[in-house]
Amino acid sequence: NAGVTQTPKFQVLKTGQSMTLQCAQDMNHNSMYWYRQDPGMGLRLIYYSASEGTTDKGEVPNGYNVSRLNKREFSLRLESAAPSQTSVYFCASSDFGVSNQPQHFGDGTRLSIL
Amino acid sequence: SQQGEEDPQALSIQEGENATMNCSYKTSINNLQWYRQNSGRGLVHLILIRSNEREKHSGRLRVTLDTSKKSSSLLITASRAADTASYFCAPSGLVFGAGTILRVKS
C-alpha cells in the first residue's frame, strides 16, 4: 500500500532551470496539497486542490504552478528556479473536506537550487 | 491565519517519562490536528480533535482542547525512544506551526 508517492526524492537545480515535482496517491482521495518545509518555519501551504479540476493558492504560491492531472496525480512546477526555493517539498492528500480530514503525506522531495 | 505555535521548541526526556507539548492559535477553529514527523520522513497524522470536544485519547496519546484559551496540549505517556520526532499542531488542518522537537533518551 504505497499511499502518497513523490518523485524525485532529491534534485539539484541551477538558478533559472525549470522542474516539475510529481505526486500520486492511491487512496482515492479527493483533495491534494503541496507544502514546503524550511528549517524553523514548519510547513507552509503552496497550493491545494480540493477536488479534481480545481486548484487554489495557499500561503506561498509565488514562483509555482500546479496541475491536477487526474484524481490521483497533482504536480508542482517551478518555471524558473531561485535559490529561495531551496526547501523540502511535501505532497499530501485527504478525503473530502479540505481542512476537516487527516492528511496523508509523502516522504518529500529535497530540492537544492544553486 | 490559523497557524499554531508549539511550545516548547525542544524537549528532552528519559524513556518512561511523560512528554507534554502545547499549541496555541489565534482564531476560531473547527478542529485541531496533531502530527508527528520522524527525521527525513513525511508527517504522520496522530489525532484530530473537534471544536466541541475537550479531550481525546488514542493509545498513549491524550489531547486536550480549550477553545476559550485557544490552546491544545498533546501528552505522550510512558515515552519510548521510538517517540523521538518532531510534533506539529495544525489548527483547522492546513497551517502548521514550527513544531516541538522531542528527544527520548534510553
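Couplings 3J(HN,Hα) for the range B:9-20, derived from phi with the Karplus relation 6.51 cos²θ - 1.76 cosθ + 1.60 (θ = phi - 60°), are 6, 8, 8, 10, 9, 8, 3, x, 7, 8, 10, 10 Hz, where x marks Gly and Pro. Extending 7 Å from the Cα toward the beta-carbon at both B:N18 and A:K9 defines two label points whose distance is 3.9 nm. For chain A, relative contact order (Cα pairs under 8 Å, six or more residues apart, normalised by length) works out to 35 percent.
Under the definition of partner shielding as Cβ atoms of other protein chains within 10 Å of a residue Cβ, what is the mean value for peptide B:39-46? Before the final figure, lay out each step's value.
Details: counts 0, 5, 5, 15, 11, 4, 7, 1.
Mean inter-chain Cβ contacts per residue within 10 Å come to 6.
Each Lys and Arg adds +1 at its Cβ and each Asp and Glu adds -1 at its Cβ; summed about the Cα centre, chain B shows a dipole of about 160 debye. When +1 charges are put on Lys and Arg Cβ atoms and -1 charges on Asp and Glu Cβ atoms, the dipole computed for the protein assembly as shown relative to its Cα centre reaches about 140 debye. Per residue, the convex hull spanned by the Cα atoms of the protein assembly as shown amounts to 119 cubic angstrom. Taking the charge dipole of chain A about its Cα centre, with +1 at Lys and Arg Cβ atoms and -1 at Asp and Glu Cβ atoms, the residue from A:T54, A:L111, A:M41 reaching farthest to the positive side is A:L111. Farthest towards the positive end of the charge dipole of the protein assembly as shown, among the residues A:L69, B:L48, A:Q6, is the Cα of A:Q6, using unit charges on the Cβ of Lys, Arg, Asp and Glu.
Report the full-extension gain for the segment A:D38 to A:E73: residue separation times 0.36 nm, less the Cα-Cα distance, to one decimal in nm.
Details: separation 35, 0.36 × 35 = 12.60 nm, distance 2.40 nm.
In short, 10.2 nm is gained.
Per residue of A:51-60, how many C-beta atoms from partner chains lie within 10 Å of its own C-beta, taken as a mean?
1
If you place +1 on the Cβ of every Lys and Arg and -1 on the Cβ of every Asp and Glu, how big does the dipole about the Cα centre of chain A come out, in debye to the nearest 20?
On the way: 10 positive and 9 negative charges, 54 e Å.
Dipole about the Cα centre, nearest 20: 260 debye.
Taking other C-beta atoms within 10 angstrom as a stand-in for reagent exposure, A:T86, A:T20 fall in the order A:T20, A:T86, fewest first. Under 20 Å Cα to Cα from B:K70, which lysines show up? Leave out anything in the same chain fewer than 8 places away. The reachable lysines, counting only those whose Cα sits under 20 Å from B:K70, are B:K26, B:K56. Shown in residue order for the range B:43-58 are the 3J(HN,Hα) couplings computed by the Karplus curve 6.51 cos²θ - 1.76 cosθ + 1.60 at θ = phi - 60°: 6, 10, 5, 9, 6, 10, 10, 7, 5, 8, 9, 10, 8, 8, 10, 8 Hz (x for Gly and Pro). Max-minus-min Cα coordinates of chain B on each principal axis give 39, 26, 20 Å, with the largest extent listed first.
Peptide A:90-96: average number of partner chain Cβ atoms within 10 Å per residue? Walk me through the intermediate numbers first.
Values: counts 4, 1, 4, 0, 3, 0, 0.
For this peptide, the per-residue mean of nearby foreign Cβ atoms is 2.
Coordinate-derived values only; no laboratory data. Note that the structure is predicted; figures quoted are calculated from it, not measured. When we count neighbours, we look across all protein chains shown, and the Cβ atoms used for this are built from the backbone with ideal geometry, even at glycine.
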